[in-house]
Amino acid sequence: MVFTKLSIGTAGADAARSTIPAAETDIWTIFRALRDARSVFGLRPGHLQTLQAMLSFLKPGHGETVFASNNSICQRVGGIDERTLRRHINRFVELGFIQRNDSSNRKRYRVCSSRGQCISYGLSLTPLLERGNELIAIAQEMENDRRDRIFVRKQILTKLVQLESHDPTNAFIQKARRALRRKLSLPQYHELLAEAAAECQSLSTPDNSPQSIELTANDGQTVRHQSMSKQEEKDLEERRTSNALKPELLASVCDQATAFSTDKLRDWLEIENHARTLAPMMGIHPETFEKAKAVVGAQKASCAIFILLQLGQRIRNFGAYFHSITLGRHQKRFDPAALIKRLSKTSELTA
């Protein structure tokens, strides 16, 4: 493709004037800008092919008017019919990119006087050149938006991979991937990124991932013994919690949690069922609650729900805090009985 530079000063049919030298403009840069911004103006590829053919008829130093006949333009486009060509030209005229300067016999030509004054009859592309800066700015804005959307989309995909490695059954993952199949706007991408970041915060992986250890064929018994030891340790912890903390005391101190129950909570099973109901309301995924229950026991996980809700505004993010004290690095420091005792004293002082 030849890059033709044309001066913008051109004589029209309604006024005879001499050509005024102006700053040279790369018309193909303007064409590429219009091509990139075509969706803003409702243009299709066929329109741009017609415009490209018309631009190819321009010659340096002969102004910005196309003198070629409709038949010549149709052949250069690739053999489109004349009705389609007229429809394309009319569209450019409506958008203000082309101006018709018709002669008395509808022919396209140029006449000059002895003094050098010229009148051009044909399809003037001067309006397109005059709007060059506008088109370049629109195309640049669209390119920036495209790059920003790709950038945010990649961030979302990265966070989804993190979520899948931690919790493949997370319902948010499928929801986000369905949304990413559509063409979203930049604000929609930012909104989805914020949701993904919140999910990662509430379901963040533990700080220290266990290292893989190669085991011999004779180590199976050791692995089973370790699993049994962990289960026994969890059962022992539950018995300690049960002995140190009665369900009646937990229910009475954590009145914010019991306020959501229509029935009186009398035993640990009822407290566990109520905690499972409260968890999603607090932004804690049900899968996270079940994982915490499997790691620290049902009683400790349920107490965590009740205590966090009782603390209320002191906790900025229930999901992240719950993960930290049941599955994260603060797991061993979490003592429900001591916290309930402290909350009980606080409520007595404020009563």
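The values are calculated or read from the model by the stated rules, or taken from the named source; none is laboratory data. Bear in mind that the values here come from a model prediction, so they are computed numbers and not experimental data. All Cβ positions, glycine included, derive from the backbone under ideal geometry; neighbour counts span all protein chains shown. Areas reflect the complete protein model, heavy atoms only, side chains present, ligands, DNA and RNA absent. Shrake-Rupley method; radii C 1.70, N 1.55, O 1.52, S 1.80 Å.
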Which entries in the list K159/K183; K59/K107; K154/K332; K175/K291; K293/K341; K264/K332 go over 28 Å, if you measure between the two C-alpha atoms of each? K154/K332; K264/K332
At Q174 and D145, where each label point lies 7 Å from the Cα along Cα→Cβ, what is the point-to-point distance in nanometres? 3.3 nm
Phi-derived 3J(HN,Hα) across region 317-326 with the Karplus relation (6.51, -1.76, 1.60, θ = phi - 60°), rounded Hz, x for Gly and Pro, is 9, 4, x, 5, 5, 4, 4, 5, 8, 10
When the charge dipole of region 55-141 is computed with +1 on Lys and Arg Cβ and -1 on Asp and Glu Cβ about the Cα centre, the Cα farthest towards its positive end, among P127, G78, A137, belongs to G78
Exposure ranking of S344, S185 by accessible area [1.4 Å probe, largest first]: S185, S344
Output wanted: per-residue J couplings in Hz (rounded whole) for region 89-97, from phi through Karplus 6.51 cos²θ - 1.76 cosθ + 1.60, θ = phi - 60°, x for Gly and Pro. 5, 4, 5, 5, 5, 4, 7, x, 9
Between Q49 and Q75, what is 0.36 nm times their sequence separation minus the Cα-Cα distance? Round to one decimal in nm. 8.2 nm
